[in-house]
Each structure stands twice: as structure tokens, then as C-alpha cells.
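Visitor: Have a look at the structure that comes next, please.
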Amino acid sequence: MDNKDKYIDTQKVEHKIQNRKRGEILYYSMSQVADLLNENISNIKYYTNIFDDLLKIEIIDKELRYTNDDIDNLEFLIKLKNRGMTLKEIQEYYSKLPLNDNEVQHLGSNLLSVEELINSIKEEQRIQFDNFKIQLNKDIQDANLLYVKNITSTIIEAQNKSLNKFKQDLFEEIREYLNSEFDKINEINLDLHNQFIDNITKFVSKEIDNKNNELKLNLQNDFNAFFQSCLTNSERLIKEVKSFKKVIENAYYTQYQVEMDNANSGFLNKLLQIFKSK
């Protein structure tokens, strides 16, 4: 269907619906509106709900009450919907129409034609579509950048894991190789150690034997020298003892002579004193 056929030409069709038998009452119920428009009540309820922002039907005693203008507007919107216009197109188109007869008379020839409305809507849709494309391109670029970052991070993470695995395997091989070489070195060192211990033991034993023989000879010589010295010292000591004994004997004899001389001298003095007293 051509977009032009979706819209009602407001210059040919009056905004108020004509040739309707309506009583002179202020408000109509939903069932009465359905009878006037030859629609089911369910359809009237459906259109009233989807066009609620445009119609703004008044609620009295918890029920919807339609005025003549409400019925005209509802019928007009139903015709637009039946021509294949979307709800968004109807809202944009309806927002550019005059709301009552006074506005229609005031605007006159300044009313937008259907073609102008279509072009206006197309232009707005084109602008929205261009903005959508710009935003979509930006979102795609951002998504691609994020995707590249994620891919790069995944690759780097995989490379790091592979590198870590390679390092671990390499370290394990090096460790096993070194352990094997150390085992060989330890075996060689053990043999060298045992050989070294044997050589040291033999050398020490030989040196000890040599030292023992030397010590034995030195001890024997020292003992002989000491024994000879003891003999020499004993003879000299005997001579010294004999000499000392002789000196002691002479000393005792001299002391005895002195004591005897002193005793004799005292006795003579006493005799002299006796003779002198007589």
C-alpha cells in the first residue's frame, strides 16, 4: 500500500464525522459508541487503550464517558489504523493536526497537506535512521574493539599458559638432568672418598708406626740417660751426705769443746773466789 493512501486528506474529509444519528446528550458510554461506529465493544475498548494518550477519554463514576468530539477523534484514528499506518505514524500525524473547528478555521490554508506530512515524517524517519546508523556503527566499532581486546587477551593468556607450561617442562627436564649428573658425581665422589679414606688410613697407620718406633727409641734413650743420671746423682749425693755428716760431727765436737771450756772456766772462777774469801 502506498504511504499516501495511509493518510486521510484533511482538505477533503472533515475532521468531524457527519451523518450520524446522535441524541442531544453530553456523554456516551462505550456500548453506545460501539453502536454509533458499528464496531464491537472489544474493538472500541482496544482502540481506546492504544490511543489513550491521544484521546484522553474522561472517566466518570469509574466508567469511560465519550463526548461527540471524542467519538469523532476515535473514528478518525480507527480509519488511520485501518489504512495501515503504524501507531507511531498515527501519533506523529495526529500531533500535527488541529484539535477543533476553531483551530481549523484559524489555520485555514496553512494546514499541512498529506504529502507534506508524509515528507515530514519521512525526513524525520531518515534523520532517525541516519542517527541509528551512526550509533549502530559506533556500537559495532566499540563491539569490534571489545572483541579484539577480548581476543587479544585470550591469545595473550593462552600464550602465557603455553609459555608457563614450556618453562615448567624445561625446568623439570633440567632438574632431572642435573639430578642424574649429581647422582653420577655422587657415585664418583663416593669412590674417591672411600679411596681417600683408605689412603689416609694407610698413611696415618704408617706414620703412627714410625712415630711409635721413634717414641720407643727416644723413651729408651731418655730412660737410659735418666737411669745413668740417677746413678751419678746417687754417688754424688752419698758423697755430699758423708761430707755433711762429717761437718755435723765436727760441729758437735766443737760445741762440746766450747761447753767444756766454759764449764772449766766457771769451776776455776769459783775456786779462786773461795781462796780469796779465806
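No lab work stands behind these numbers, since they all come straight from the coordinates. What you are looking at is a predicted structure, and each value in this text was computed from that prediction instead of being measured. With ideal geometry, Cβ positions are generated from the backbone for all residues, glycine too; neighbour counts draw on all protein chains shown.
Visitor: Would you mind counting up the charge near Ser229? Only other residues with Cβ under 13 Å from its Cβ, with Lys and Arg at +1 and Asp and Glu at -1.
Guide: Cβ neighbours under 13 Å give a net charge of -1.
Visitor: Using the Cβ atoms and a cut-off under 13 Å, what net charge is assigned to the surroundings of Thr201, where Lys and Arg are +1 and Asp and Glu are -1?
Guide: That sum, taken over residues with Cβ under 13 Å, equals -1.
Visitor: Residue by residue through the stretch 225-232, which ³J(HN,Hα) values in whole Hz follow from phi under the Karplus form 6.51 cos²θ - 1.76 cosθ + 1.60 (θ = phi - 60°), with glycine and proline marked x?
Guide: Once rounded to whole Hz, the list reads 5, 5, 5, 5, 5, 5, 4, 4.
Visitor: How large is the charge dipole for the stretch 168-278, taken about the Cα centre, if only the Cβ atoms of Lys, Arg (+1) and Asp, Glu (-1) carry charge, to the nearest 20 debye?
Guide: 2620 debye
Visitor: Could you derive backbone 3J(HN,Hα) for the stretch 47-56 from the dihedral phi with the Karplus parameters 6.51, -1.76 and 1.60 (θ = phi - 60°), listing whole Hz in sequence and x where the residue is Gly or Pro?
Guide: Residue by residue, the stretch 47-56 yields 5, 5, 5, 6, 9, 4, 5, 8, 7, 6 Hz.
Visitor: Moving on to the next point. For a test of the definition: using alpha carbon positions, the gyration tensor, and the 1.5 limit on a/c, classify the stretch 159-278 as rounded, prolate or oblate.
Guide: Note, shape of the stretch 159-278 comes out oblate.
Visitor: Then there's this: Net charge near Ile248, counting Lys/Arg +1 and Asp/Glu -1 over other residues with Cβ under 14 Å of its Cβ?
Guide: In short, +1.
Visitor: For labels at Lys216 and Phe196 in the simple 7 Å Cα→Cβ model, what's the distance in nm?
Guide: Each label point lies 7 Å from its Cα, and together they span 3.3 nm.
Visitor: Once each part is reduced to its C-alpha centroid, what is the distance from the stretch 19-82 to the stretch 130-193 in angstrom?
Guide: 73 Å
Visitor: Step through the table entries Lys79/Lys133; Lys62/Lys88; Lys184/Lys206; Lys88/Lys133, compare each Cα-Cα distance with 22 Å, and write down the pairs that go over it.
Guide: Where the Cα-Cα span goes over 22 Å, the pairs concerned are Lys79/Lys133; Lys62/Lys88; Lys184/Lys206.
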